[in-house]
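Take a look at the structure set out below.
The values are calculated or read from the model by the stated rules, or taken from the named source; none is laboratory data. Just so we're clear, the structure is a prediction, and the values are computed from it rather than from any experiment. Here the Cβ is made from the backbone with ideal geometry for all residues, glycine too, and neighbour counts use every protein chain on show. These area figures cover heavy atoms from the full protein model, side chains too; ligands, DNA and RNA do not enter into them. Shrake-Rupley method; radii C 1.70, N 1.55, O 1.52, S 1.80 Å.
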Amino acid sequence: MRPFQYTRAPSLTEASHLTAGEDTLAIAGGTNLLDLMKLQVETPDQLADINRLGFADIENTDDGGLRLGALATNTETAVHPRVRADYPVLSRAILAGATQQLRNKATNGGNLCQRTRCFYFTNIDQPCNKRQPGTGCGAIDGIAKLHAILGTSEQCIATYPGDMAVALSALNARVEISGDKGERSVPVRDYHVLPGDTPWIENVLEPGEIITGIALPAPVGGTQIYRKVRERSSYAFALVSVAAIIELTDGRFSRADLAFGGLAHKPWYDPRVGEALLGQPPSDALFDKAADILLEDARGFGENDFKIPLTRRTLRAVLAQATENAA
Ligand SMILES: Cc1cc2nc3c(=O)[nH]c(=O)nc-3n(C[C@H](O)[C@H](O)[C@H](O)COP(=O)(O)OP(=O)(O)OC[C@H]3O[C@@H](n4cnc5c(N)ncnc54)[C@H](O)[C@@H]3O)c2cc1C
Ligand code: SF4
């Protein structure tokens, strides 16, 4: 690890001022950033510790929703009584990620900003357009088992590795951000971006902006499911994951909010998938139609070709589980 300066930010304004500089990164739980610094993938001159800034509460909002502080840990969030009761898809998604020890330290803001697990990105001897623009993408013709099948570009086929944001996307949560130009709130669905020609840009956060919280809308009814398919039952990133909020009225879909992990550079939300289900009674043919829409533009890169049929099967299984008592 290269030497760096450490500054404990005394206020949000100071944290924003520090991280506006090119060579300073915010540090929260440190579970992703410190690993990347040890590998010299990240080489900041300075770390701005934001742990004393105070936005660690989980509190009710006036509209009946819930606000998750950016510095609340993943564990605190997953076990919070309201998260468990009203947003079980979120609780399950968080608990499907990492390990208990990591979740005890990992924060909600840091989880949203975690970086890809692409082997070429984390190995500084390998080409990677995300780590070092213009060097090429080792994964396109190489080790690509974890990689994307949707929304890829010629520059990068990495996936966003997180679970929590997939559930937040199905729930249509918003990311609350503060910076020197003031505060703004961005739908989680728009927070992460596709690689295009600038794969090093992973989200809409500008220099000097800090995530302060995540706003969940008032709870909705229905069945909530988070299914994560991975190589081990713990301590492994998703090959494919599905967050689903499904409701049936008179035997027909009246709600179908679906988001997917492991498929793209961002949690994947395609409104057409849910819309295809609305007003229809559940059936295998309908589930296949939803999968056809989801996978219309899917493209494998050899090692990850298996994700296309796996995604279809996982979506079908989730929809069958959510509707099994509906007939
Ligand atoms: C072995 C291992 C397995 C894992 N498995 C999973 C998994 O299966 N699923 C999953 O979802 N996650 C998984 N994780 C990732 C883990 O959840 C993240 O490392 C963690 O959530 C990051 O949170 P942190 O607070 O430690 O962030 P940090 O490491 O402190 O920061 C990460 C990044 O976020 C930025 N940042 C942090 N907080 C803010 C903020 N408030 N505003 C702006 N920027 C901020 C930092 O500058 C840095 O760039 C795994 C991690 C490890 C090490
Ligand atoms: S997939 Fe993206 S992160 Fe991985 S090597 Fe290619 S450019 Fe780098």
Subject >> Hits in the range 296-316 - residues which are without any contact (Cβ under 8 Å) to a residue 24 or more places away in the chain and touching a Lys or Arg at 6+ places or on another chain (Cβ under 8 Å) >> reply: none
Original post:
Hey, residue 211 hits all of (1) surrounded by fewer than 24 Cβ atoms within 10 Å (Cβ to Cβ); (2) part of a strand (DSSP E or B); (3) touching a Leu at 6+ places or on another chain (Cβ under 7 Å); (4) not charged (D, E, K, R) but one; which does it fall short on?
Top reply: (1)
**OP:** Return the only residue of 220, 229, 242 being within 16 Å of ligand 1 (Cβ to nearest atom) and open to solvent by 10 Å² or more (accessible area, probe 1.4 Å).
**Re:** 229
**OP:** Give the range 178-192 a look and list any residue that's more than 12 Å from residue 112 (Cα to Cα) and open to solvent by less than 60 Å² (accessible area, probe 1.4 Å), or say none.
**Re:** 178, 179, 182, 185, 186, 187
Original post:
With respect to residue 115, is the statement that it is free of Cβ contacts under 8 Å to residues at least 24 places away in the same chain and among the basic types (Lys, Arg) true?
Top reply: no
Original post:
Of 54, 65, which residue is away from ligand 2 (no atom under 16 Å from the Cβ) and open to solvent by less than 10 Å² (accessible area, probe 1.4 Å)?
Top reply: 65
Original post:
Which one of 159, 135, 152 is under 21 Å from the mean Cα position of the chain (by Cα), open to solvent by 30 Å² or more (accessible area, probe 1.4 Å) and within 15 Å of ligand 2 (Cβ to nearest atom)?
Top reply: 152
**OP:** Look through the range 1-47, keep the residues that are over 26 Å from the mean Cα position of the chain (by Cα) and among the charged types (D, E, K, R), and return whichever of them is nearest to residue 121 (Cα to Cα).
**Re:** 2
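Yes/no matrix, rows are residues, columns are (1) among the acidic types (Asp, Glu); (2) more than 12 Å from ligand 2 (Cβ to nearest atom); (3) at pLDDT 95 or above:
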residue: 147; (1), (2), (3): no, no, yes
residue: 173; (1), (2), (3): no, yes, yes
residue: 183; (1), (2), (3): yes, yes, yes
residue: 192; (1), (2), (3): no, yes, yes
residue: 195; (1), (2), (3): no, no, yes
residue: 218; (1), (2), (3): no, yes, yes
Original post:
Is there a residue being surrounded by fewer than 20 Cβ atoms within 10 Å (Cβ to Cβ) and over 30 Å from residue 53 (Cα atoms) anywhere in the range 200-207?
Top reply: no
Subject >> Options 286, 263, 310; residue that is assigned to a helix (DSSP H, G or I) and open to solvent by less than 20 Å² (accessible area, probe 1.4 Å) >> reply: 286
**OP:** Working only within the range 27-51, note down all residues that are open to solvent by 40 Å² or more (accessible area, probe 1.4 Å) and either under 27 Å from residue 101 (Cβ atoms) or touching a Pro at 6+ places or on another chain (Cβ under 8 Å) (or both).
**Re:** 31, 34, 35, 38, 39, 40, 43, 51
**OP:** Please go through the range 162-189 and pick out each residue that is touching a strand residue (DSSP E or B) at 6+ places or on another chain (Cβ under 9 Å) and among the charged types (D, E, K, R).
**Re:** 163, 174, 176, 183, 184, 189
Original post:
What's the number of the condition residue 127 fails, among (1) in contact (Cβ under 8 Å) with a residue 12 or more places away in the chain; (2) within 16 Å of ligand 2 (Cβ to nearest atom); (3) not β-branched (Val, Ile, Thr)?
Top reply: (1)
